[in-house]
Amino acid sequence: MAGRVAGKAALVSGAATGIGQSIAMCLAAEGASVAVADIDAGRGADVVTAIREAGGKALFLSLDVTEEASWEAAIAATESEFGRLDILVNNAGIAIVESVDKMSFDDWRAVMAVNIDGVFLGTKHAVPAMRRAGGGSIVNISSILGLTGEEKLSAYCASKGAVRLFTKAVALECGRDGSGIRVNSIHPGYIHTAMTEETCRRDYGDIATGFAELGKLHPIGRVGEPEEIAAGVLYLASDESKFVTGSELAIDGGYTAA
């Protein structure tokens, strides 16, 4: 299968649903062999089936991004199956909505464990694999809330802001060591996913009303689609972006331009 990432091997965390699913399917459609990594084996297997039925190459890997041994096993399995690792997309993430004075320490730590510890662990173990492959691209999915704040999302904002600066620091390391590894972050606006649908039900009473109201937060007038984030990942994963590292790509309908 020819394509913009043909011959490359990718691992996408949180790939069973939403943005991660779209990323995995997009990379596979453009020629990459894709490790669909998630804690949800059922939905992850469905994504693998969809990729294979479309003519792509994929396997499912059980991955708890908060556990170092799980990352070690996932990256080893990717190299064993595909012979290399060229692309890592740190996509898995969670949000807990609560005011700072009422948030439990356990909830705070849970958000940090997935959103930033998981990015650290994935990057830590992907870098040696990418060195063995002669280079690679790491794409960290941050958020518009890694660039600006939002009430009752202090933990999420803190974790996604950490992803942004972690990305830049590692980009400097990898850029200067001659490894050929590039590291960039993507900052999505509100995207049409099951998680955002739950936000709509919680904050606005129903999905349609919620998406209409959230759309107003973006100058372009609507929320985004998962495929629009996947398109940005594809660019950063491909050789088209070989001079791009340490950057932040906001795909947010103008949300952060205001």
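The values are calculated or read from the model by the stated rules, or taken from the named source; none is laboratory data. None of the values given here were measured: they were computed from a predicted structure. Neighbour counts are summed over all protein chains in view; Cβ atoms, including those assigned to glycine, are modelled from backbone coordinates with ideal geometry.
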Note on Val97: of the conditions (1) farther than 21 Å from Ala10 by Cα; (2) of a type in the set (Val, Ile, Thr); (3) under 19 Å from the mean Cα position of the chain (by Cα), unmet is (3)
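Given Gly93, Gly122, Gly118, which one is crowded, with 20+ Cβ neighbours inside 10 Å, in a loop (DSSP other than H, G, I, E, B) and at pLDDT 95 or above?
Criteria check complete, one pass: Gly93.
Tell me which residues, restricted to the stretch 199-242, are outside any helix (DSSP H, G or I), small (Gly, Ala, Ser) and surrounded by 17 or more Cβ atoms within 10 Å (Cβ to Cβ).
Gly224, Ser238
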Ala24 - would you say it is closer than 26 Å to Gly134 by Cα and assigned to a helix (DSSP H, G or I)?
yes
Condition test on Val111, is it within 19 Å of Tyr190 (Cα to Cα), assigned by TED's automatic domain parsing to the domain that holds Ser13 and either surrounded by 17 or more Cβ atoms within 10 Å (Cβ to Cβ) or not hydrophobic (A, V, I, L, M, F, W, C) (or both)?
yes
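Sort through Ala35, Ala110 and tell me the only one that's within 30 Å of Val223 (Cα to Cα) and in a helix (DSSP H, G or I).
Ala110
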Would you say Ser99 is buried (at least 18 other Cβ atoms within 10 Å of the Cβ) and either in contact with a strand residue (DSSP E or B) (Cβ under 7 Å, 6 or more places away or on another chain) or within 30 Å of Glu213 (Cβ to Cβ) (or both)?
no
Do the conditions hold for Leu145, that is, is it without any contact (Cβ under 8 Å) to a residue 40 or more places away in the chain and surrounded by 22 or more Cβ atoms within 10 Å (Cβ to Cβ)?
yes
If the Cβ limit is 7 Å and pairs must be 6+ apart or interchain, which residue in the stretch 42-59 that is in the same structural domain as Ala28 (by TED's automatic domain parsing) and in contact (Cβ under 8 Å) with a residue 12 or more places away in the chain pairs with which residue that is surrounded by fewer than 21 Cβ atoms within 10 Å (Cβ to Cβ) and of a type in the set (Asp, Glu)?
Leu59/Glu81
Anything in the stretch 127-137 that is surrounded by 24 or more Cβ atoms within 10 Å (Cβ to Cβ) and either in contact with a helix residue (DSSP H, G or I) (Cβ under 6 Å, 6 or more places away or on another chain) or at positive phi (or both)? List them, or say none.
Gly136, Ser137
